[in-house]
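Here the structure comes first, spelled out in structure tokens, and everything after it is commentary.
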2 protein chains.
Amino acid sequence: MCQLLGMNANTPTDVMFSFAGLATRAHEHKDGFGIAFFEDRGLRHFIDHHGARTSPVAELVKRYPIRSDNVIAHIRKATQGRVALENTHPFVRELWGRYWVMAHNGDLQGPPPRLHGAFRPVGDTDSEAAFCWLMQELAKAHASVPEVRELTLTLAELLPRLAAAGTFNMLLSNGQALWAHASTRPGSPGLHWLQRRHPFGAATLADEDLTVDFAPLTTARDRVVVVATEPLTTGEPWQRFAPGELRVFRGGEAAEAAAG
Amino acid sequence: MCQLLGMNANTPTDVMFSFAGLATRAHEHKDGFGIAFFEDRGLRHFIDHHGARTSPVAELVKRYPIRSDNVIAHIRKATQGRVALENTHPFVRELWGRYWVMAHNGDLQGPPPRLHGAFRPVGDTDSEAAFCWLMQELAKAHASVPEVRELTLTLAELLPRLAAAGTFNMLLSNGQALWAHASTRPGSPGLHWLQRRHPFGAATLADEDLTVDFAPLTTARDRVVVVATEPLTTGEPWQRFAPGELRVFRGGEAAEAAAG
């Protein structure tokens with residue numbers, strides 16, 4: 001099972017603590033990892049087809065406090081597609097002068113979605129093909145980058161069509177918001193989310209003996225949402241997505257929910 | 001003046017030595033750096049809007065022997081566009097299921113090229129707008145990814161139209177080949193290239209007290225081409241591009257020259 005991690009914050013925030021928690025789970029995920037950080041419209045995109053436990057790139061990410069308002073990370077256990085750099089999530093495309101980043105946890109069956117637009121997969125995963133289809137359909141649905149609310153309505157129409165083909169947990173961002181979609185399949189890996197806000201306390205990683213007290217690192221205004229396949233910490237009120245649920249997070253808040 | 005570095009090799013080769021030479025020149029280029037490594041169709045893309053001398057990302061690149069057959073690096077001194085992540089070269093787009101990477105040294109004047117296709121700049125540099133126009137025109141000229149020779153002919157038609165607007169030294173790769181175009185402007189910064197092949201000897205960085213003997217690191221079959229704004233080493237036969245010259249390098253060889 002792959003592991004997803006997303007972060008959305010109202011002020012640029014580093015994700016080292018959560019990424020450390022994710023990388024700890026990587027002992028059975030040797031097939032690559034990737035992480036994308038938005039800084040306003042700009043994007044840093046680190047991928048490696050070596051495991052997150054041993055990769056020098058992962059080491060950099062764990063040590064370098066990159067502050068971002070939207071982050072998507074993925075640790076891969078290959079189900080479709082070879083272990084290769086071009087098959088490593090998250091994937092990036094440009095549309096309407098914005099970068100778009102997507103990572104997927106799951107497995108889509110059947111023929112790949114029909115691609116007739118300007119977006120083509122570089123690798124051979126079901127996930128990248130699904131992302132290209134999503135970009136193609138977004139490009140048809142809007143003439144330029146719409147409001148987050150409009151985009152959420154369009155995604156609520158498009159994502160169930162992908163989710164119908166299998167297990168489809170997904171994170172998507174264009175730097176303005178973070179969209180998270182949970183698979184409709186019963187028994188499939190889920191998605192969980194958590195908001196941290198004032199008063200900040202301490203959190204302990206579920207899989208590692210590491211505790212961080214966020215209080216001295218934050219201000220009363222800070223809002224951070226973390227989305228992950230499984231809760232990363234103990235003692236915090238993680239919420240599980242309903243099957244097929246689409247959520248959009250903006251400025252560190254759950255902006256609105258659009259059930260799929 | 002920005003600094004460009006390109007590498008094309010017939011076997012995946014690390015670029016740490018040349019990148020160290022480039023980064024040494026970075027004392028007056030505090031406005032960001034970037035480097036893109038192709039591994040077959042896959043791409044690693046490291047950018048930072050902190051200078052290459054101090055950036056932890058640059059430190060990683062200098063220490064982690066990433067082996068690649070096509071590399072494009074850029075150290076930025078901002079002329080147009082703010083110092084921001086989205087304005088940091090090289091730029092990446094996908095076309096025909098291949099990633100395309102471009103870096104530019106120079107300054108284009110006048111109105112930006114007209115963009116009516118699927119490629120839009122995310123930042124506000126002349127360079128990214130020129131790249132988007134190039135991708136748009138390539139997409140119109142061919143239905144899918146053509147032979148390198150065909151692409152070179154198309155580029156030989158397109159690049160002079162960009163070069164007419166100012167100083168246009170450029171590196172471009174899609175992972176199959178490295179294209180390098182020198183500015184037509186007299187007195188503008190140039191481009192230089194060098195092939196290393198058997199028998200490999202030692203090279204000394206022009207700006208730093210660092211010598212590498214390539215002989216024990218290479219085989220008799222290896223071919224490597226390095227392209228740089230200024231010769232990076234002393235005692236090697238660097239060749240200067242003619243004004244407006246377009247060259248394509250493939251498998252570590254100068255495949256053909258197409259004068260612009």
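Where a number appears in this text, it was derived from the coordinates with a stated rule and is not lab data. It should be emphasised that the depicted structure is a prediction, and the values quoted were computed from it without experimental measurement. With ideal geometry, Cβ positions are generated from the backbone for all residues, glycine too; neighbour counts draw on all protein chains shown.
Contact order, relative form, for chain B: 22 percent (alpha carbon pairs under 8 Å, 6 or more residues apart, mean separation divided by residue count). Principal axis extents of the C-alpha atoms in chain B (largest first, rounded to whole Å): 51, 37, 36.
Seen against the Cα atoms of chain B and their longest principal axis, helix B:148-163 is set at about 70 degrees.
Pairwise Cα distances in the stretch A:1-90 exceed 17 Å in 41 percent of cases.
Enter the Cα centre distance for the pair the stretch A:81-124 and the stretch A:197-223, rounded to the nearest angstrom. Each part's Cα centre sits 34 Å from the other's. The Cα atoms of the stretch B:30-132 give a gyration tensor whose axes a ≥ b ≥ c have a/c of 1.5 or more with a/b no greater than b/c, which makes the shape oblate. Note on the stretch B:185-253: Cα Rg divided by 2.2 N^0.38 Å, N the number of residues, gives 1.21. Remark: mean inter-chain Cβ contacts per residue of B:90-98 equal 5, using a 10 Å Cβ-Cβ cutoff to other protein chain atoms. Largest GNM mean-square fluctuation among B:THR211, B:THR152, B:THR88, using chain B with Cα springs under 10 Å: B:THR211. Would you mind ranking A:ASP213, B:ASP124, A:ASP69, B:ASP31 so that the residue whose beta carbon has the fewest other beta carbons within 10 Å leads the list? Going from sparsest to densest Cβ surroundings: A:ASP213, B:ASP124, B:ASP31, A:ASP69. Per-residue shielding of A:65-72, expressed as the average number of other chain Cβ atoms within 10 Å of the residue Cβ, stands at 1. Taking A:LEU217, A:LEU134, A:LEU172 as the candidate residues, the one with maximal mean-square fluctuation in a Gaussian network model of chain A, Cα springs under 10 Å, is A:LEU217.
What separates the Cα centres of the stretch A:1-70 and the stretch B:1-77 is a distance of 21 Å.
Per-residue ellipticity at 222 nm from helix content only, as computed over chain A with -39500 (n - 2.57) for each DSSP H run of at least four residues, stands at -6000 deg cm²/dmol. Length gained on full extension, B:ASP209 to B:MET16: 68.0 nm, using 0.36 nm per residue less the C-alpha separation. The alpha-carbon of A:LYS77 sits under 17 angstrom from the alpha-carbons of these aspartates and glutamates, leaving out residues fewer than 8 places away in its chain: A:GLU28, A:ASP31, A:ASP48, A:GLU86, A:ASP107, A:ASP124, A:ASP126, A:GLU128, A:GLU230.
Binning the C-alpha pair distances of the stretch A:100-172 at 5 Å intervals from 0 yields a P(r) profile of 3, 16, 29, 27, 17, 7, 1 %, listed from the shortest bin outward.
Shape summary: the stretch B:119-260 maps onto an equivalent ellipsoid whose semi-axes, from the alpha-carbon gyration tensor, are 30, 19, 13 Å in decreasing order.
The rule of thumb for compact globular proteins, 2.2 N^0.38 Å, goes into the C-alpha radius of gyration of the protein assembly as shown 0.97 times.
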